[in-house]
Amino acid sequence: MRVITASQFWVEGVTASSQEISERVHKILEDVKRRGDEALREYGKLFDSWDGPLVRKVPRWQKAKSMLEPAVVQALERACDSLFEFHSHCGMKPFEYRRADGAVLGRRVMPLARVGAYIPGGVARYPSSVLMVAVPARIAGVKQLVVCTPPGDDESLAPVYAACALVDIDRLYLVGGPWAVAAMAYGTESVPRVDKLVGPGGQYVTEAKRQVFGQVDIDMLAGPSEVVIWGDDFTDPELLAIDMLSQMEHDSLAVAYLVTDSAALLAEVESRLRRYDARGSAVGILTKDVKEAASVIDAIAPEHLQIMARQAQSLADAVCNAGVIYIGPRTPTALGDYSAGTNHVLPTAGSSRFFSGLTVESFQRSMSVADFTDCTDRTYYTAAAVLAEAEGLHCHARALKARIKEETLQ
């Protein structure tokens, strides 16, 4: 574990995205846009050694769950129930009200028609990500979910089949990488075009999402994964080390931060981490006090924040920027990754300053509604006309002034 002070943290910057990745992804996106399924098949052979179908029908739940151990089936059901319970409390709410002058204003809330989900599959299969994406989408009212995942045989895909069946997804597209993003963004002969792309992915998938944004909406530019754990002398160093390691095992770019004002805790955790050959990186940040710790955490704006110090609840109130906050020693990030009920598709790399994690609202859009048919107050038209004239939009002003005349309002 690399240990730095809070002062050193403020001096160090963040790394820029790779221009090489951007250029490679651009070529792939343009190729898929131009050649459709033909390009998808070529990339499948080249990168995934896959010469099978692009689309596979998902078995129904009874058959899908028979392909798994009963304990895995029960775990999927428990996680799904927990997600439905949490996300059922989320979502935009429609409203309408009538003002005293007769004007009616409101908002209509509509689900997105078709959503595309990317489910990683390079290192392992992630049925949990299917649930994290599909459950809030279903609650929002999304009718069609397009799921792309890297190809494989039925045995390796069994957990993903089961998760898809559990949330009524009947078709799985065996397409991975940035070409999967291109397929969902632009549409091909086999893969339908979607309105929004969601789900986690590596550097190439994230860069592809960045480049297609505007053609479709995206949830966020996520990755690499990260956790900040806020600890003090009260914290069990063994639990803390395990939680850091669980985050670092995602991949070599994952980072686990320990923020604390205890040099003794840093030393204890560092000695434990040395026993393991972790894939990601560990960084310890020594702060002077709680106030400085909160400032450092807000600057990192982490994907996951675990607070394992004394008075964890009150410390949580001191932090503004985090994708999700796990409070207390019994609430590890690993629980949130699977069955807590909160979502694990979360903003990373400091973007929790302006992005939120995936939730029901991510799959909804709103339309504002205004009806001035019965409005008796003409000052709204007058004010609008004055502002239009001030901005040099004279036809706007004429349109407004025409409504002020009583006879045109009949």
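Things worth noting here:
- Condition met for residue 256 (in a strand (DSSP E or B), assigned by TED's automatic domain parsing to the domain that holds residue 324, free of Cβ contacts under 8 Å to residues at least 60 places away in the same chain and under 25 Å from residue 330 (Cα atoms)): yes
- Beta carbons closer than 9 Å, at least 6 apart along the sequence or on distinct chains, pair a first residue in segment 17-35 that is at negative phi and of a type in the set (Lys, Arg) with a second that is surrounded by 14 or more Cβ atoms within 10 Å (Cβ to Cβ) and part of a helix (DSSP H, G or I) for 24/178; 24/204; 24/207; 33/39; 33/182; 33/185; 33/186; 35/42.
- Test: residue in segment 67-78 that is within 24 Å of residue 171 (Cβ to Cβ), β-branched (Val, Ile, Thr) and within 21 Å of the chain's Cα centre (by Cα): no
- Put simply, of 366, 314, 356 the only residue that is among the small types (Gly, Ala, Ser), more than 20 Å from residue 257 (Cβ to Cβ) and more than 25 Å from the chain's Cα centre (by Cα) is 314.
Conditions (1) farther than 28 Å from residue 82 by Cα; (2) at pLDDT below 95, marked per residue:
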{"position": "229", "(1), (2)": "no, no"}
{"position": "237", "(1), (2)": "yes, no"}
{"position": "274", "(1), (2)": "yes, yes"}
{"position": "289", "(1), (2)": "yes, yes"}
{"position": "299", "(1), (2)": "yes, no"}
{"position": "309", "(1), (2)": "no, yes"}
{"position": "337", "(1), (2)": "no, no"}
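- Among residues of segment 98-111 that are surrounded by 13 or more Cβ atoms within 10 Å (Cβ to Cβ), those with a Cβ under 6 angstrom from a residue that is of a type in the set (Ser, Thr, Tyr), sequence gap 6+ or separate chain, pair up as 101/376; 102/376; 107/366; 107/368; 109/366.
- Helices (runs of 4 or more DSSP H) lying entirely in segment 1-75 (those with 2 or more residues that are more than 30 Å from residue 271 (Cα to Cα) and of a type outside the set (S, T, N, Q)): 19-35, 37-48, 61-66
- Among the residues of segment 233-269, those identified as surrounded by fewer than 20 Cβ atoms within 10 Å (Cβ to Cβ), of a type in the set (S, T, N, Q) and within 30 Å of the chain's Cα centre (by Cα) are 246, 252.
- Selection within segment 86-112 - of a type in the set (A, V, I, L, M, F, W, C) and either farther than 23 Å from residue 143 by Cβ or out of contact with any Asp or Glu (no Cβ under 6 Å at 6 or more places or on another chain) (or both): 86, 90, 95, 100, 103, 104, 105, 109, 110
- Condition met for residue 306 (over 30 Å from residue 143 (Cβ atoms) and without any contact (Cβ under 8 Å) to a residue 12 or more places away in the chain): no
- Per-region count, segment 181-217, residues surrounded by 24 or more Cβ atoms within 10 Å (Cβ to Cβ) and farther than 30 Å from residue 258 by Cα: 10
- Residue count for segment 112-144, restricted to those that are surrounded by fewer than 24 Cβ atoms within 10 Å (Cβ to Cβ), among the aliphatic types (A, V, I, L, M) and touching a strand residue (DSSP E or B) at 6+ places or on another chain (Cβ under 9 Å): 4
- Condition met for residue 80 (within 17 Å of residue 338 (Cβ to Cβ) and surrounded by 13 or more Cβ atoms within 10 Å (Cβ to Cβ)): yes
- Considering residues of segment 374-398 that are at pLDDT 95 or above and part of a loop (DSSP other than H, G, I, E, B) only, the residue surrounded by the most Cβ atoms within 10 Å (Cβ to Cβ): 393
- Checking each residue in segment 339-356 for being crowded, with 20+ Cβ neighbours inside 10 Å and over 22 Å from residue 85 (Cβ atoms) picks out 347, 348, 349, 352.
- Residues being over 20 Å from residue 336 (Cα atoms) and touching a helix residue (DSSP H, G or I) at 6+ places or on another chain (Cβ under 8 Å) - total across segment 260-281: 11
- Helices (runs of 4 or more DSSP H) enclosed by segment 153-223 - at least 2 residues per element that are in contact with a Gly (Cβ under 7 Å, 6 or more places away or on another chain): 203-212
- Residues in segment 373-408 that are among the aromatic types (Phe, Trp, Tyr) and touching a helix residue (DSSP H, G or I) at 6+ places or on another chain (Cβ under 7 Å): 1 in all.
The values are calculated or read from the model by the stated rules, or taken from the named source; none is laboratory data. All values reported here derive from a predicted model rather than from experimental measurement. We place every Cβ from the backbone using ideal geometry, glycine too, and count neighbours over all the protein chains shown.
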